[in-house]
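Shown next, in structure tokens, is the structure this report addresses.
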Amino acid sequence: MSGAPDGVRLDAGPPAPVPDHPVHRPGRLAAGMLTATFLLVVLAAVLTFVGLPYVVLSPGPATNVLGDLDGKPVLSISGAKTYPTSGALDFTTVSFDGGPGAKVTVYDLLEAWVSGDVDVAPSATTSPTT
């Protein structure tokens with residue numbers, strides 16, 4: 001064996017067996033799915049910071065204006081003749097999120113559209129700009 005380096009035998013035995021199935025590397029499909037997932041996560045993160053020109057209108061609290069709040073009458077009239085009352089006179093309110101100085105995100109709008117108790121309107125309908 002004149003062509004072999006010292007200590008190396010060329011007739012060392014049978015060749016290594018070849019596996020029955022080829023070894024797979026991640027292909028284009030896996031890389032595409034990983035890229036799409038990454039882009040969706042980035043898009044979802046960006047959408048939390050984008051304010052949209054809408055308001056979310058939801059039911060607010062109802063307050064009995066004939067009753068007391070913290071020991072004081074809710075409604076008090078002075079300088080006019082008043083009459084005794086009984087029962088309740090509820091003052092209802094509407095709570096809204098959004099408008100000037102407040103942001104409504106895509107997630108707020110999706111939650112409002114899914115809910116049956118909440119309404120969505122363009123912010124120009126509640127606070128028009130002049």
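A short reminder: the numbers here are calculations on the coordinates, not readings from a lab. Remember, predicted model here, so these are calculated numbers, not experimental data. So basically every Cβ, Gly included, is an ideal-geometry build from the backbone, and we count neighbours across all protein chains shown.
Taking the number of other C-beta atoms within 10 Å as the exposure measure, put Tyr83, Tyr54 in order starting with the fewest. Kindly include the intermediate steps, with their values, before the conclusion.
Numbers: Tyr83 4, Tyr54 23.
Ranking Tyr83, Tyr54 by Cβ neighbours within 10 Å, fewest first, gives Tyr83, Tyr54.
Under 5 Å between amide hydrogens, which residues at least 5 positions from Asn64 or on another chain qualify, with H placed 1.01 Å from N in the peptide plane?
Excluding prolines and chain starts, which carry no amide H, the hits are Phe91.
By the scheme Lys and Arg +1, Asp and Glu -1, what is the net charge of all other residues having a beta-carbon under 12 Å from that of Ser95? Don't skip to the answer; put the middle values down first.
On the way: positive: none; negative: Asp97, Asp117, Asp119.
Surrounding charge for Ser95 is -3.
Seen from all sides and averaged, what is the projected area of the convex hull of the Cα atoms in the range 26-98, in nm²?
On the way: hull surface 41.2 nm².
Mean shadow area of the hull around the Cα atoms is 10.3 nm².
Taking H placed 1.01 Å from N in the peptide plane, check which residues at least 5 places from Leu75 or on another chain put their amide H under 5 Å from its amide H.
Those lying under 5 Å, H to H, from Leu75: there are none.
What is the range 84-130 by shape, rounded, prolate or oblate, if you read a ≥ b ≥ c off the alpha carbon gyration tensor as root eigenvalues and call it rounded for a/c under 1.5, prolate for a/b larger than b/c, and oblate otherwise?
Details: a/c = 3.52, a/b = 1.73, b/c = 2.04.
Cα axes put the range 84-130 in the oblate bin.
Rank the residues Phe49, Phe96 as a footprinting-exposure proxy: fewest other Cβ atoms within 10 Å of their Cβ go first.
Arranged by neighbour count, lowest to highest, Phe49, Phe96 become Phe49, Phe96.
Each residue of the range 109-121 in turn: what ³J(HN,Hα) in whole Hz from Karplus with 6.51, -1.76, 1.60 and θ = phi - 60°, glycine and Pro shown as x?
Once rounded to whole Hz, the list reads 5, 4, 4, 5, 5, 6, 6, x, 9, 10, 10, 10, 9.
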